[in-house]
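One structure below.
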Amino acid sequence: MVYYRKYRPQTVAELDLEEVRGKLESILSAKELPHAFLFTGPKGLGKTSAARIIAKAINCERNSKFKIQNSKLQVKNKKSENKGKVQQSNNETIEPCDVCDNCVSITNGSNIDVLEIDAASNRGIDEIRDLREKIKFAPASLRKKVYIIDEVHMLTADAFNALLKTLEEPPSHAVFILCTTEAEKVPGTIASRTFHVRFNKPTRDEILHSLSRIIKGEKFDIEEEVLDQIYKLSEGSFRDAAKILEELVISSGGKKITLKTLEASFKTAGLETDVARLLSTLAKRDLQGALKTIDELSQRGTDFKVLTERLAEKIHDLLLSGSDEFQINELRRLLDLINNSYRDIKFSVLPQIPLELVVVEWCIESTQDEDKKQEFQVREESVEAKSQIGHGMFAGNAKSDNFFAALISAVKRDNHSLAGILRGCKLSEINNGNVQFETKYKFHKDKLTEAKASSILDMRASEILKEKVHVVVNLTNK
């Protein structure tokens, strides 16, 4: 069994989120138990585990805290307001024993009175109507039936309406626990009829509290620095932290888990230096330098998901503390670009492309005003530039630089990304109706020589030089 399942919390005390632990202790200690809960929060924080713990606590055979009044007492006091309510017993624990038949069967997922429903797969009104019909029947073996509906936000509007009727008039023998990662998609009518428990992103200590159960149970030898890195890599998910630890155990081959083990497994060695170097090129608006850094990281096999996270963390820190190289509005814009690129990584053909596009977009925006000035100047000098260019090599000529700037500005009106890629090339020659550029990156050459891109380059270059020319892009190793 994988670690996150083997060591998932089985009692309230084992829940890793301190706030949730305290709230559930208060709920289970109260005289009356809510008939419906709503657990919200990001993935991997223990929402389903907490739901199972509640199911065990209220049905544990050894826990007299939740014993319901016997049938004779209910008949005698059927007009009493306390009919069917939970009895309070002094000095009784709220924790499940985890050894009685009820607790064991709930833990194993074999008890028919505890139903876990995946709303993503059972999201229609027919499934909820079926639930409403079956809920009328008393539990087969437990005190209370427990319905755990995971990803409840996936239910259709009709299914939510059907569920609402059940929540408005629930049978006394049923408890609902609704779990979701997207609380905003749960209708207000549903949320208002539940007891809301928020599962917030865990702190470092809470992640380490979770990992300590695994380390103690498996008797691992692990460096303290590794735990800090696992916390960063887990993105605030107990489940992901456990999975990362398990990967490191496999990679270490039973030996001590060191920082080198983690760096070898997740390609994180020297990331802080790489982030600083990349930010330095961005501060200078050095497009070629930034792209070269990204290319080197790609050749090294760097995990661009982790790199982007660290880059965002560093920019966020600069935003809060201030920076000598960036203004506040620049940090805000750069953080926005990085944040948007993070979502594109898993859909990208090459993992480095989203970050490369960020660099291109950033450099384009930072020089936009300068480009407009240069474009105006080149329009005035275009005839003179053409006469002085002549034929053959002319790299380094002031007029050629003006032409290059004008071409980038003109292409930008058609395609910002294309202009950014062109900026990373070197203008090498105009000869016999050809305008030749050089680039070290095959990706850039492929993009610039696509049919649509080539057509734009030819058209804009011809407009500036006042004659029909064709743009050629060559790949160079220099």
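The values are calculated or read from the model by the stated rules, or taken from the named source; none is laboratory data. Fair warning: this is a prediction, and the values are worked out from it, not measured in the lab. Using ideal geometry, Cβ is built from the backbone for each residue, glycine included, and neighbour counts are taken over all protein chains shown.
A compact table of results
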| quantity | calculated |
| --- | --- |
| Qualifying residue in the range 212-229 (condition: among the hydroxyl-bearing types (Ser, Thr, Tyr), out of contact with any helix residue (DSSP H, G or I) (no Cβ under 8 Å at 6 or more places or on another chain) and more than 30 Å from residue 119 (Cα to Cα)) | yes |
| Residue 473 being modelled with pLDDT under 85, farther than 30 Å from residue 335 by Cα and hydrophobic (A, V, I, L, M, F, W, C) | no |
| Residue under evaluation residue 208, criteria (1) surrounded by fewer than 15 Cβ atoms within 10 Å (Cβ to Cβ); (2) over 30 Å from residue 164 (Cα atoms); (3) modelled with pLDDT of 90 or more, criterion not met | (1) |
| Residue in the range 150-157 that is part of a helix (DSSP H, G or I), modelled with pLDDT of 85 or more, out of contact with any Lys or Arg (no Cβ under 7 Å at 6 or more places or on another chain) and under 20 Å from residue 197 (Cβ atoms) present | yes |
| Any hit, the range 22-31, residues being on the phi > 0 side of the Ramachandran plot and buried (at least 20 other Cβ atoms within 10 Å of the Cβ) | no |
| Qualifying residue in the range 260-267 (condition: at pLDDT 90 or above and closer than 27 Å to residue 41 by Cα) | no |
| Output for the range 135-149, where each listed residue is farther than 24 Å from residue 61 by Cβ and modelled with pLDDT under 90 | 136 |
| Residues located in the range 173-194, provided they are more than 25 Å from the chain's Cα centre (by Cα) and either of a type in the set (Lys, Arg) or not assigned by TED's automatic domain parsing to the domain that holds residue 36 (or both) | 193 |
